[in-house]
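To start, the structure itself, in structure tokens.
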Ligand SMILES: Nc1ncnc2c1ncn2[C@@H]1O[C@H](COP(=O)(O)OP(=O)(O)OP(=O)(O)O)[C@@H](O)[C@H]1O
Ligand SMILES: [Mg+2]
């Protein structure tokens, strides 16, 4: 570009910004295409490799009668671990989000929010090791207590392993991992509650908690649902942490506190991580099929979460 | 039921900023007191200090005495939540709870106090409050519909119904008509006139005619200069304020020469 001519001197400003627009538009379009292609590629791969396992028996379904006998218990375990995670994470996340948005002094709230965000940045292997080394070991007394006093409920039947590596531990670790995303979304929505409605409640003589029930929760309800679903999406697909805590097994069991083989469930993600390395031939297909099932479920949950959020935006 | 309010040497701060300084005022029971003055002179701030609503703003605090029928509003053993149940407030913009029906909106405050409300008691209270707010005939056939579905003026009367459903002793209104059309405004002014027999009412307004029409006493707030705290310049019976005010600045404000 020549800078000598005053006529063209003005030109570059306009043209570079237009060029910038073009470049940016190109980049944005390209990334969108890449994302869609990657997603389609993953789906196609899972379908192509996994679907043949559908009508296989014997070796094609890992030695089970058919693929569903193999996948079913894993799917069950996945859902069980995720449900425990959500039961633990949801009240905690909502509580922490409320502390940040409505209870704590501003500076403390900022620090706490930052700390929770940091949790999301921890690699899941670390969570897995923490699960084995810290959560599992330290929860053993709690598990024993639950087993002693509530052991008559099948959920809490024993024996409790000394390692503490149980479904409950896996669920707890997953809960901690799902905490940041739920907290972050809830905190955001709680803070957006119109001051007008909060003041309406306070002026009627509501305590802070009553104000939260009258004004904040109704405003935030669909956002909270969507936050929980997105957290669930994370818990469902999480691999490393669960793989490190649980041993693989193909059992449907509500037993949360034992590690006896034959009486504790495992999850799809953990099962893939633990077996994929040794698998070959049609066993790979069977594993990929379980992956396909997981993909469909996490996709559906995430989609539902976003749909609820989008609907809430339109309504509000 | 209605109570009088005596304020002496009240200063109100937002953090270090002194927003309102040295207010002395005696608000009569069963009367309407209007507060007028230019924007930013602290009318809302002062009004909120009368039911401790300013305390929900971080850093806001008040010094001085506010006595409600001889009881110190700021005594250390007084719970602001209890204060707000006795001294209700209606805001500039109608703010019914958006997810609640008309019926539930009216009961929202009452449900906080009463543990369990019988259906018949609840029905009676809703009717009585809506009648009290001159809204009953307009909404009696759609009590289950959302409060947000009403017109602005109806919403504001719904908010008044909600405020009187908890049977407060004092009703504070911060520019309750400023978002409304003249017909809704007239409806609310009529309502204020009716409510006067049961409640002590304090209303902030930018509308001189409105102050003259609805109030018994009028207080004029002003700033000595920008950046200075707001002060209560003059407080007198409304008739005197609008015909023969003591203070020169009151006269020029009312006659529209500034503000
Ligand atoms: N939340 C707040 N934080 C800090 N300062 C505030 C806050 N609210 C009001 N102020 C300040 O206090 C002073 C009085 O404000 P206030 O809202 O009471 O005025 P007003 O008389 O009600 O005005 P208007 O007629 O515009 O409603 C103003 O200088 C304003 O900037
Ligand atoms: Mg104001």
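Points worth noting:
- Selection from the stretch B:191-228 of residues that are surrounded by fewer than 21 Cβ atoms within 10 Å (Cβ to Cβ), in contact with a helix residue (DSSP H, G or I) (Cβ under 9 Å, 6 or more places away or on another chain) and within 19 Å of residue B:163 (Cα to Cα): B:193, B:194, B:196, B:198
- The condition of being under 21 Å from residue A:130 (Cα atoms) and assigned to a loop (DSSP other than H, G, I, E, B) holds for only one of A:265, A:253, that being A:265.
- Within the stretch B:161-182, at least one residue is in contact (Cβ under 8 Å) with a residue 12 or more places away in the chain, crowded, with 23+ Cβ neighbours inside 10 Å, out of contact with any strand residue (DSSP E or B) (no Cβ under 7 Å at 6 or more places or on another chain) and within 27 Å of residue B:40 (Cβ to Cβ).
- Qualifying residue in the stretch B:15-24 (condition: under 17 Å from the mean Cα position of the chain (by Cα), surrounded by fewer than 21 Cβ atoms within 10 Å (Cβ to Cβ), farther than 19 Å from residue B:193 by Cα and in contact (Cβ under 8 Å) with a residue 12 or more places away in the chain): no
- Test: residue in the stretch B:77-84 that is within 15 Å of ligand 2 (Cβ to nearest atom) and out of contact with any helix residue (DSSP H, G or I) (no Cβ under 8 Å at 6 or more places or on another chain): no
- Every condition in (1) at the interface with chain B (Cβ under 8 Å from one of its Cβ atoms); (2) part of a helix (DSSP H, G or I) holds for residue A:205 except the one numbered (2).
- Conditions (1) under 24 Å from residue B:58 (Cβ atoms); (2) surrounded by 22 or more Cβ atoms within 10 Å (Cβ to Cβ); number of the one not met by residue A:213: (2)
- The set of residues in the stretch B:36-59 that are in contact with a helix residue (DSSP H, G or I) (Cβ under 9 Å, 6 or more places away or on another chain), near ligand 2 (Cβ under 10 Å from one of its atoms) and not in a helix (DSSP H, G or I) contains only B:37.
- Residue count, the stretch B:35-72 (criterion: more than 11 Å from ligand 1 (Cβ to nearest atom), away from chain A (no Cβ under 14 Å) and in contact with a strand residue (DSSP E or B) (Cβ under 6 Å, 6 or more places away or on another chain)): 8
- Every test in (1) at pLDDT 90 or above; (2) farther than 26 Å from residue B:83 by Cβ; (3) away from ligand 2 (no atom under 16 Å from the Cβ) is passed by residue B:183 save one, and that test is (1).
- Every residue from the stretch A:185-202 that is surrounded by fewer than 19 Cβ atoms within 10 Å (Cβ to Cβ) and more than 7 Å from chain B (Cβ to nearest Cβ): A:188, A:191, A:192, A:194, A:195
- Any chance residue A:245 is under 19 Å from residue A:83 (Cα atoms), more than 14 Å from chain B (Cβ to nearest Cβ) and surrounded by fewer than 24 Cβ atoms within 10 Å (Cβ to Cβ): no
- Residue B:31 vs. criteria surrounded by fewer than 21 Cβ atoms within 10 Å (Cβ to Cβ), within 17 Å of residue B:205 (Cα to Cα) and more than 16 Å from ligand 1 (Cβ to nearest atom): yes
- Given (1) farther than 30 Å from residue A:263 by Cα; (2) crowded, with 19+ Cβ neighbours inside 10 Å, index of the condition residue A:156 fails: (1)
- Scope the stretch A:137-165; condition more than 21 Å from residue A:77 (Cα to Cα) and either outside the structural domain of residue A:245 (by TED's automatic domain parsing) or in contact with a helix residue (DSSP H, G or I) (Cβ under 8 Å, 6 or more places away or on another chain) (or both); matching residues: A:150, A:162
- In the set B:94, B:80, only one residue is more than 11 Å from residue A:204 (Cβ to Cβ), within 13 Å of chain A (Cβ to nearest Cβ) and buried (at least 22 other Cβ atoms within 10 Å of the Cβ); that residue is B:94.
The values are calculated or read from the model by the stated rules, or taken from the named source; none is laboratory data. Just so it is clear, the structure is predicted and the values come from calculations on it, not from any experiment. Here Cβ is always computed from backbone atoms with ideal geometry, including for glycine, and neighbour counts include all displayed protein chains.
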